[in-house]
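What follows is calculated from the coordinates using simple rules that are stated; it is not laboratory data. Not measured: the values here are computed from a predicted model. Cβ coordinates were reconstructed from backbone atoms using ideal geometry, including for glycine residues, and neighbour counts include every protein chain displayed.
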Amino acid sequence: MPAFTAADIESLIPRLRRFARALTGSREAADDLTQDTLERAWAKRELWQAGTNLRAWLFAVMHGVFVNGRRRGRLTESLDAPEHAARERADDAASAETAIAVRELREALLRLPEEQRQIVLLVGLEQFSYAEAAEVLSVPIGTVMSRLARGRERLRQLLEEGSPDRHGLRRVK
Amino acid sequence: MTGGPVNEARLHAYVDGALSDGERAEVDAHLAAHADDAARVGAYRAQNEALHRAFDPVLDEPHSLHPGAARHVPPARWRWSAALAATFVGGAVIGAILHAGWQGQRTGRAAVAIARQAALAHAAYTPEVRHPVEVSASDEQHLVAWLSKRLGTPVRAPSLVSAGYQLLGGRLLPPAGEAGSAPVALFMYENAQGKRLSLLVRREPSSSDTAFRFAAQGSTRVFYWIDGPLGYALAGEIGKDELSAVALGVYRQLNP
C-alpha cells in the first residue's frame, strides 16, 4: 500500500520543475533532474511517513539526486543549448529590460557555490521555512542560516558587479 | 555585522517574513538607524522578487513529466513526445518505445554515465582524419565478431545508410568504471559531407531498460538508452531532431 498516490505528487511537479530550472540553469537538465526525482521518490515511497511534509520530502529526494549526479560529474553544466535559453528568456520576460535582469540573475545564480544557490532558492523562491530547508538539505538550521547569509550577500555582489559583457571588463579584486 | 539583538539571522528572517509583529518592529527601528543594513535588506527582498519574476513562469509551462508510477500512468516522456513529433515513425516503433519507457525503473546514473562516455569518445575520435577507427568497415564481419567477443555478448553495427551515414568502422574503448570491467565498443559513421556520428555500445550492470534520453555536452548531442544487457549512446554534432531520427532508426534495427 503506497504511502502517497501518484496524484499527490502530480500537483507538486511544477514546483519541483521550477526549483530544478533555477538550480541547473537549463530546461533539459532540470526536466531530467525532475523526472529522476519523481522516479526515485516513487520507488522509495514507502519511506515517506504519512502526515509529514510531502513537499519537503520530495525536495529532499531531489537534493539527493542532484548531489549524486554532481558527484559523478554530470553533463548538465554545459547543457543549455543557446537557442533554448534565448527562447526561454524571450518567453519569460515581457520587456527587454526585464529580460536583461532575468538573464543577469540566472547567470549570477549559476556562479553561486551550489550549497548557497540551493538555500537561496529553497528559501527565496520556494519559500520553505528555515526548519524545512534544514530538513530538505539534512543540515543543522545554523548551517542553513550561515549559507543563506553568505549566498544572499554573494548574489548581491554579483548582481551589482553586473554581467561582464555589459561592462566589458570586470573588476578584478 | 550588527550590534544588539538584531543580528544577521534576524535580518534574514525579516526579509522572509518569519518574524512576529514585535520582532519586526524591533528590526524596523534598527534599520532606521543603520542605513547599510537597510540597503542589504532591500537588496535581499529584491532578490526574492526577482527570483519569482524569473522562474514563476515555469509553473505554468506545459510538461509531461509524471510520477514514476509506470504501472498506473502511461509513460509520456516529454523527450519522446518531442522526438516523435519531429519524426515520422510507424506505430510499431512507437509501441516498442513506449514499451521500453513503460518498463521504466531506470538507473538514472548509469544512463547519464554512458552519455558522458559517449560524448567524450565522440570528441576524442571523430576529429581523427586518418585513424578514426581501429578496424574499418571493409572488414565488418571481423569487426563485429571481434567487438562481440571482447564485450562478451553479441553486438551489431546497425546500418545508418537510410539516414545517409556509412559505417566507417569501429574501435574498442577501455571499460568505464561504473559499468563493470567489460570493454566498450564504438562504431563510427560518416555522411557524404564528412559529418560523423558515433554509436557507443557497452554492457550495463543493471539490465533495466530505459526510455530514450537526451543530453548534450558543448556542441555534442547524445541520445542514449539501455536495452536489455546493453547500453547505447548515439553522439553527433547535428541537430537534435536529426539525431533523434537516426537514434530511432538504430533502435528499430536492434529491436525488429
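Just to confirm the filter: which trypsin sites (Lys or Arg not before Pro) across segment B:115-154 are DSSP coil and have at most 15 other Cβ within 10 angstrom of their Cβ?
Taking segment B:115-154 and a limit of 15 other Cβ atoms within 10 Å, the loop trypsin sites (Lys or Arg not before Pro) found are B:ARG130.
Please compute one quarter of the surface area of the Cα convex hull for segment B:8-59 and express it in square nanometres.
Convex hull of Cα atoms, orientation-averaged projection: 4.0 nm².
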